[in-house]
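The values are calculated or read from the model by the stated rules, or taken from the named source; none is laboratory data. As the structure is a prediction and not an experimental result, all values here were calculated from the model. Here the Cβ positions follow ideal geometry from the backbone for every residue, glycine too, while neighbour counts run over all protein chains shown. Just the protein is used for accessible areas: all its heavy atoms, side chains included, with ligands, DNA and RNA removed. Shrake-Rupley method; radii C 1.70, N 1.55, O 1.52, S 1.80 Å.
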Amino acid sequence: SEVVRFFSKLKCSIMPYLFKTADEANKIGIPVMRSMVLEFTDDDMCSYLDKQYMLGDSILVAPIFNDKGMAKYYLPEGKWTNFISGKKYEGGRYIKEYHDYLSIPMMVKENSLIAIGGDCTRPDYDYRENVSVLAYELLDKVETNTKVLNMKRKEVLAVSVLKDGNIIKIKASGEDKPWKFVLK
C-alpha cells in the first residue's frame, strides 16, 4: 500500500541517523527509543508522557492512537521542525493537530544534525554514499555534531557545525566522497 511504501522509504532514508543511534546505544546503553524524561530531565511535563518518545537524541515521535488522525503531544522548550512537512513549532506547550495517513508528528529538536542517506529502497546500504546532513534551527554559539558510520561501525564522516551570528562554520572529516549540507 501507499502508506507502507511511504514509511518504508522514510525509515530507509534516516538509516544513517538510526544506525549511529543504535551504535551509541550499544556502546553506552541509552536506548534508541527513549522516554521523554531521559532526554529532558529538567522538564517536569516529560515525567508523565507515555504516548510519545524520543528516537535517538534529536527526533521526537508521537504515534497517533485514534482513527480520526488527531495527534496530541507535548513539545519541550525550544524550536521544533516536523521532519516530514517542514512546519516549524515553538515548544513548551501541547500541540493538537490532524495528521493523514502519510504524516505523523516526527519532530526534530533545534540545533540537530540529521544524516539522511542516498538510498530509500533498502535499509542496508552505503550510508556515506550521497549522504546529506540536515541542520535544524542552529543555535548561536552552540556547537552541534553528527557522524555517519559504515556497516562495520567505522566512522566514515564526522561533521561539526557552529553558528556565530550570520556565519556558519562547518568542519568535516572522513572519506573523501561528496556530501551535502542542508539548512532546514
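Things worth noting here:
- Residues of the range 84-102 satisfying the condition of being over 26 Å from Tyr48 (Cβ atoms) and among the hydroxyl-bearing types (Ser, Thr, Tyr): Ser85, Tyr101
- Residues in the range 56-76 that are of a type in the set (A, V, I, L, M, F, W, C) and either in a loop (DSSP other than H, G, I, E, B) or touching a Gly at 6+ places or on another chain (Cβ under 8 Å) (or both): Ala62, Ile64, Phe65, Leu75.
- Subset tally (residues that are open to solvent by less than 50 Å² (accessible area, probe 1.4 Å) and either part of a loop (DSSP other than H, G, I, E, B) or modelled with pLDDT under 95 (or both)) for the range 28-45: 3
- The sole residue among Asn82, Asn150, Asn111 that is farther than 28 Å from Cys46 by Cα, among the polar types (S, T, N, Q) and open to solvent by less than 60 Å² (accessible area, probe 1.4 Å) is Asn150.
- Top-ranked residue of the range 153-168 - restricted to ones that are part of a strand (DSSP E or B) and not hydrophobic (A, V, I, L, M, F, W, C), ranked as most open to solvent (accessible area, probe 1.4 Å): Glu155
- Scan of the range 77-119 for residues that are in a strand (DSSP E or B) and in contact with a Pro (Cβ under 6 Å, 6 or more places away or on another chain), ordered by number: Ala115
- Close pairs from the range 1-26: first modelled with pLDDT of 95 or more, partner among the small types (Gly, Ala, Ser) and open to solvent by less than 60 Å² (accessible area, probe 1.4 Å), Cβ under 6 Å, at least 6 apart: Ser13/Gly117; Met15/Gly117; Pro16/Ala115; Pro16/Gly117; Tyr17/Ala115; Thr21/Gly56
- Residues that are in a loop (DSSP other than H, G, I, E, B), of a type in the set (Lys, Arg) and farther than 17 Å from Val131 by Cβ do occur in the range 46-53, at least one of them.
- Residue in the range 50-59 that is touching a helix residue (DSSP H, G or I) at 6+ places or on another chain (Cβ under 7 Å) and more than 22 Å from Ile116 (Cα to Cα) present: yes
- Cβ pairs under 7 Å, 6+ apart, first in the range 130-145 and over 14 Å from Lys79 (Cβ atoms), second among the acidic types (Asp, Glu) and surrounded by fewer than 15 Cβ atoms within 10 Å (Cβ to Cβ): Lys141/Asp164
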